[in-house]
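The values are calculated or read from the model by the stated rules, or taken from the named source; none is laboratory data. Bear in mind the structure is a predicted one, so any value in this text is a computation, not a measurement. Reconstructed Cβ throughout: ideal geometry from the backbone, glycine too, with neighbour counts over all protein chains shown. Areas reflect the complete protein model, heavy atoms only, side chains present, ligands, DNA and RNA absent. Shrake-Rupley method; radii C 1.70, N 1.55, O 1.52, S 1.80 Å.
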Amino acid sequence: MVNFVGAGSGAVDLITVRGMNLLKEADVIIYAGSLVNPQLLEYAKEDCEIHNSAYMTLEEVLDVIKKAEAEKKMTVRLHTGDASIYGAIREQMDVLDELGIEYRTTPGVSAAFGAAASLNLEYTLPDVSQSLIITRMAGRTGVPEKESIESFAAHHASMAIYLSAGMLGELSERLIKGGYEPDTPAAIVYKATWPEVENYICTVETL
């Protein structure tokens with residue numbers, strides 16, 4: 001059995017109780033490198049086999065899972081935040097389906113919600129926005145043209161934009177081009193809910 005577990009947004013106590021218990025029971029843990037709080041690995045039992053997937057290819061991850069399955073061991077694939085958002089779990093699940101390996105998913109607290117908590121704010125305010133758009137800028141992974149920053153900005157909804165801190169100048173221009181007013185409130189949150197969290201309050205124009 002493989003359990004995909006969302007590690008949460010950073011704080012060690014923001015993993016779910018189910019996720020914590022699965023870590024305690026796991027025979028093998030494959031975790032997503034520095035994106036996962038290393039303190040979570042302290043839940044692992046003494047003889048648990050632990051792998052850092054930051055240094056592994058997809059094939060190597062799958063090889064570890066296949067070996068564990070052959071030995072009737074339980075594997076936890078520990079992803080950052082919630083595995084359903086930019087978790088790249090589908091490509092793993094497709095292979096597991098082909099191999100007939102059973103798997104389950106345990107949700108986690110995503111960074112968007114950790115960031116809101118860090119700022120003590122709400123994304124959905126009456127007469128302001130009743131929708132939240134979760135998106136990203138195109139980088140090594142492309143974004144469909146119909147999901148451009150400009151097209152989403154035209155809705156004037158709240159937005160949580162992941163994986164884009166290295167392109168803030170372009171992001172600001174495209175948000176304004178799409179329809180946000182330059183003085184629309186904005187924030188950059190670094191390592192939401194981690195002990196070293198940093199919050200920067202600004203506007204769309206001053207990102």
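A few comments on the model shown:
- Subset of the stretch 9-35 [open to solvent by less than 10 Å² (accessible area, probe 1.4 Å), at pLDDT 95 or above and out of contact with any Cys (no Cβ under 9 Å at 6 or more places or on another chain)]: Gly19, Ile30
- Take the conditions (1) buried (at least 16 other Cβ atoms within 10 Å of the Cβ); (2) modelled with pLDDT of 95 or more; Tyr86 misses just one of them, which is (2).
- Selection status of Arg77, of a type outside the set (A, V, I, L, M) and open to solvent by 80 Å² or more (accessible area, probe 1.4 Å): no
- Selection status of Met167, over 30 Å from Val28 (Cβ atoms), crowded, with 16+ Cβ neighbours inside 10 Å, at pLDDT below 95 and over 17 Å from the mean Cα position of the chain (by Cα): yes
- Considering (1) farther than 20 Å from Ala11 by Cβ; (2) in contact (Cβ under 8 Å) with a residue 24 or more places away in the chain, the lone condition that Ile50 does not fulfil carries the number (2).
- The stretch 89-114, subset open to solvent by 30 Å² or more (accessible area, probe 1.4 Å) and within 16 Å of Gly10 (Cα to Cα), residue nearest to the chain's Cα centre (by Cα): Ala111
- Residues that are under 30 Å from Leu132 (Cα atoms) and more than 15 Å from the chain's Cα centre (by Cα) occur in the stretch 40-59; there is at least one.
- Residue count for the stretch 53-65, restricted to those that are in contact with a helix residue (DSSP H, G or I) (Cβ under 7 Å, 6 or more places away or on another chain) and farther than 20 Å from Gly139 by Cβ: 2.
- Of the residues in the stretch 180-196, none is of a type in the set (Gly, Ala, Ser), more than 23 Å from the chain's Cα centre (by Cα) and not in a strand (DSSP E or B).
- Scanning the stretch 1-44 for residues that are hydrophobic (A, V, I, L, M, F, W, C), part of a helix (DSSP H, G or I) and either under 19 Å from Ile65 (Cα atoms) or without any contact (Cβ under 8 Å) to a residue 40 or more places away in the chain (or both) turns up Val12, Val17, Met20, Leu22, Leu23, Leu40, Leu41.
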